[in-house]
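The values are calculated or read from the model by the stated rules, or taken from the named source; none is laboratory data. Just so it is clear, the model here is predicted, and its values are computed rather than measured. Here the Cβ is made from the backbone with ideal geometry for all residues, glycine too, and neighbour counts use every protein chain on show.
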Amino acid sequence: MSDTSDTRPRVMAIFAHPDDADFICSGTIARLVANGYRAQYVLATSGDKGSADPNATPEALSATREAEQLAAAKVLGVEEVTFLRHPDGEVEVNLPFRRELALEIRRGRPDIVFTFDPWQRYQIHPDHRAVGQCALDAVAAARDHMYYPEQLVNGLTEHRVHNVYFFATDYPNYYVDITSTMEKKIAALRCHASQIGEGDVGERVRLRARLVGQEAGLEYAEAFHYLPMMQPPALKRHPQW
Ligand SMILES: [Zn+2]
């Protein structure tokens with residue numbers, strides 16, 4: 001159970017592989033951390049198939065990628081990283097995974113959840129599709145005590161998430177200015193040495209963030225589909241980024 005003496009607002013990013021969140025929403029996560037949020041990452045897999053190296057093994061690769069993710073989290077100020085260690089590429093939309101994510105939400109008690117937009121068209125990675133769907137379903141389940149009552153022991157209670165932001169979305173309706181955290185985002189991505197390949201990752205990421213920013217009149221931005229959870233207590237405003 002989380003530390004109840006820590007009254008900071010909380011943000012949780014739920015994603016599939018080490019580097020997903022750092023590529024897609026780490027500029028925003030770093031802004032929230034700068035504004036006093038406690039940040040947590042929850043990863044469905046440790047990315048054990050993410051290599052073209054014929055000598056790579058799943059065991060060695062997942063160890064490397066977990067270490068890379070922990071280093072990137074440190075750069076961003078993400079205080080907790082949870083590895084669920086499902087096999088890469090084999091995450092499914094099913095009830096056990098929903099239950100597992102509901103438990104993480106009840107433990108982490110986030111005010112805000114970031115995850116993949118489950119309705120993104122033509123998303124080819126099955127893990128990305130499954131994580132977005134199950135994370136949203138877990139947000140819905142975590143708030144009611146009759147879902148998974150066996151989890152509600154030792155002080156753990158149901159938990160209501162007020163704001164969900166989908167990343168990798170076809171329907172952005174909210175843009176976050178990441179100009180102030182652009183360098184942190186690039187530094188975090190450089191931690192993922194096994195994934196970033198040749199060339200300057202900073203250049204690629206700046207270009208992408210500039211293109212997104214153009215849609216919103218910002219220098220550098222990340223885009224989201226914001227989904228307010230319209231149940232009482234009353235809808236909270238967007239956090240102060
Ligand atoms: Zn991924």
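I'd like to verify a number: residues in segment 112-144 that are among the small types (Gly, Ala, Ser) and in contact with a Leu (Cβ under 6 Å, 6 or more places away or on another chain), how many?
Here is the first cut: in segment 112-144, the ones among the small types (Gly, Ala, Ser) are 130, 132, 135, 138, 140-142.
With the extra rule that they be in contact with a Leu (Cβ under 6 Å, 6 or more places away or on another chain), the set shrinks to 135, 138.
Total meeting the criteria: 2.
Exposed (fewer than 15 other Cβ atoms within 10 Å of the Cβ) and farther than 26 Å from ALA223 by Cα, is that true of ALA63? Quick ask: steps written out before the conclusion?
Numbers: exposed (fewer than 15 other Cβ atoms within 10 Å of the Cβ): yes; farther than 26 Å from ALA223 by Cα: yes.
The answer is yes for ALA63.
Here are some residues: ALA193, ALA188. Which one is at pLDDT below 95, hydrophobic (A, V, I, L, M, F, W, C) and out of contact with any Lys or Arg (no Cβ under 8 Å at 6 or more places or on another chain)? Break it down into steps so the answer makes sense when it comes.
On the way: ALA188 fails: at pLDDT below 95.
Matching residue, one of ALA193, ALA188: ALA193.
Residue under question is THR57, and the condition is that it be touching a strand residue (DSSP E or B) at 6+ places or on another chain (Cβ under 8 Å) and either surrounded by fewer than 24 Cβ atoms within 10 Å (Cβ to Cβ) or not aromatic (Phe, Trp, Tyr) (or both); does it hold?
Values: touching a strand residue (DSSP E or B) at 6+ places or on another chain (Cβ under 8 Å): no; either surrounded by fewer than 24 Cβ atoms within 10 Å (Cβ to Cβ) or not aromatic (Phe, Trp, Tyr) (or both): yes.
Answer is no for this residue.
Go over the candidates ASP88, ASP111, ASP117 one by one and state the one that is under 18 Å from SER46 (Cβ atoms) and either in contact with a Pro (Cβ under 6 Å, 6 or more places away or on another chain) or touching a residue at least 24 places away in the same chain (Cβ under 8 Å) (or both).
Checking each option against the conditions leaves just ASP88.
Considering only helices (runs of 4 or more DSSP H) fully contained in segment 51-150, which possess at least 2 residues that are within 16 Å of the ligand (Cβ to nearest atom) and acidic (Asp, Glu)?
In segment 51-150, the matching helices (runs of 4 or more DSSP H) lie at 58-76.
Would you mind telling me which numbered condition in (1) more than 22 Å from VAL78 (Cβ to Cβ); (2) surrounded by 17 or more Cβ atoms within 10 Å (Cβ to Cβ) VAL153 fails?
In the conditions (1) more than 22 Å from VAL78 (Cβ to Cβ); (2) surrounded by 17 or more Cβ atoms within 10 Å (Cβ to Cβ), VAL153 misses (2) alone.
Among the candidates ILE196, ILE178, single out the residue that is out of contact with any Cys (no Cβ under 8 Å at 6 or more places or on another chain), of a type in the set (A, V, I, L, M), closer than 16 Å to THR28 by Cβ and surrounded by 14 or more Cβ atoms within 10 Å (Cβ to Cβ).
Numbers: ILE196 fails: closer than 16 Å to THR28 by Cβ.
None of the other options fit; the residue is ILE178.
Anything in segment 1-50 that is within 13 Å of the ligand (Cβ to nearest atom) and out of contact with any strand residue (DSSP E or B) (no Cβ under 7 Å at 6 or more places or on another chain)? List them, or say none.
ASP19, ASP20, ASP22, PHE23, GLY47, ASP48, LYS49, GLY50 - these are the residues of segment 1-50 that are within 13 Å of the ligand (Cβ to nearest atom) and out of contact with any strand residue (DSSP E or B) (no Cβ under 7 Å at 6 or more places or on another chain).
Show the residue pairs that are 6+ apart or on different chains and have beta-carbon atoms under 9 Å apart, the first residue being within segment 121-132 and basic (Lys, Arg), the second being within 11 Å of the ligand (Cβ to nearest atom).
ARG129/VAL91; ARG129/PHE116; ARG129/GLN123
Any idea which of (1) touching a residue at least 60 places away in the same chain (Cβ under 8 Å); (2) in contact with a strand residue (DSSP E or B) (Cβ under 7 Å, 6 or more places away or on another chain) is the one GLU80 doesn't satisfy?
Every listed condition holds for GLU80 apart from (1).
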